[in-house]
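Below: one structure, written as structure tokens.
The values are calculated or read from the model by the stated rules, or taken from the named source; none is laboratory data. Bear in mind the structure is a predicted one, so any value in this text is a computation, not a measurement. Cβ placement follows ideal geometry from the backbone for every residue including glycine, while neighbour counts extend to all protein chains displayed. Note: areas computed on protein heavy atoms with side chains; ligands, DNA, RNA excluded. Shrake-Rupley method; radii C 1.70, N 1.55, O 1.52, S 1.80 Å.
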Amino acid sequence: MPSNQTPNYALNQWERDDRILMDDFNADNTKIDAAIKAEVDARTAADAALQTSLGKKGNVQVQIYTYTGTGTYGSEGPCTIPFNGKEPLLVLVLGTNSDDLLLHAGLSQANNYANYCQVSWQNSGVFWYAYKDAATQLNAKGRTYTALMLYKLD
């Protein structure tokens, strides 16, 4: 029979002259097994609750689109980003330095690096052009541009 027990789970602790019995070991193993199982169950429930909570936050789908500039600009050579079936809430086209282009639904004119781009939203995609030059339009020949689109999930 053990003389002492651990403070948290009351596991057996023996002294040199205590009698050691198999029943004491089995009882300890049962306690350890139950404690581990309770911890696993608690973590599983907490993970499920977290996933449910995260599912209700920021209900958006993110899409990345890249295109290579053609060097054209103006209304005869607009840039185009196609939609994946519905209109995104927001489109961010990454240029260089401070010439990024931020577009949102319904916007008809965007300020790009102190120059204006004309913007058109259609069912198939968003189109824009600038009159100054291809770089202002984010369409410099051979340059790869990346667009980030956020779609609302409803």
Inset, instruction - Calculate, in nm to one decimal, what GLN13 and SER124 gain on full extension: separation in residues at 0.36 nm each, minus their alpha carbon distance. - result: 32.6 nm
Legend entry - Inter-label distance for LEU107 and ALA27, nm, one decimal - labels placed 7 Å from Cα along Cα-to-Cβ: 7.1 nm
Legend entry - Amide H partners (placed H, <5 Å) of GLY95, local residues excluded: ASP100, LEU101
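Over all distinct Cα pairs, what is the inverse of the mean 1/r for the chain, reported as the Kirkwood hydrodynamic radius in Å? Could the numbers behind the result be given before it?
Numbers: mean 1/r = 0.0488 Å⁻¹.
Hydrodynamic radius (Kirkwood, Cα only) of the chain equals 20.5 Å.
So with the 1.4 Å probe, I'd like the accessible area per residue for segment 18-88, rounded to whole Å².
Values: 5060 Å² over 71 residues.
Accessible surface, normalised per residue, equals 71 Å².
Could you work out what % of the accessible surface of the chain is carbon and sulfur, using a 1.4 angstrom probe and leaving DNA, RNA and ligands out of the count? Don't jump to the answer; show the numbers that get you there.
Details: 5450 of 10140 Å².
The C+S portion of the solvent-accessible surface of the chain is 54 percent.
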Legend entry - Cβ-derived FRET efficiency at R0 25 Å, LEU89 paired with ALA48, nearest 0.05: 0.30
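Order of 2-8, 128-134 by packing, highest average Cβ count within 10 Å first?
On the way: 2-8: 10.7, 128-134: 18.9.
By packing density, highest mean first, the sequence is 128-134, 2-8.
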Inset, instruction - Could you state the angle between the C-alpha long axis of helix 22-55 and the longest principal axis of the C-alpha atoms of the chain, as a value from 0 to 90 degrees rounded to the nearest 10? - result: 20 degrees
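So for segment 18-99, Kirkwood radius off the Cα pairs, Stokes-Einstein at 20 °C and 1.002 mPa s: how many µm² s⁻¹?
On the way: Rh = 19.6 Å.
Here the translational diffusion coefficient equals 109 µm²/s.
What's the FRET efficiency of ARG143 with ASN59 using the Cβ-Cβ distance as r and R₀ = 35 Å, to the nearest 0.05?
On the way: r = 33 Å, r/R0 = 0.95.
Calculated transfer efficiency: 0.55.
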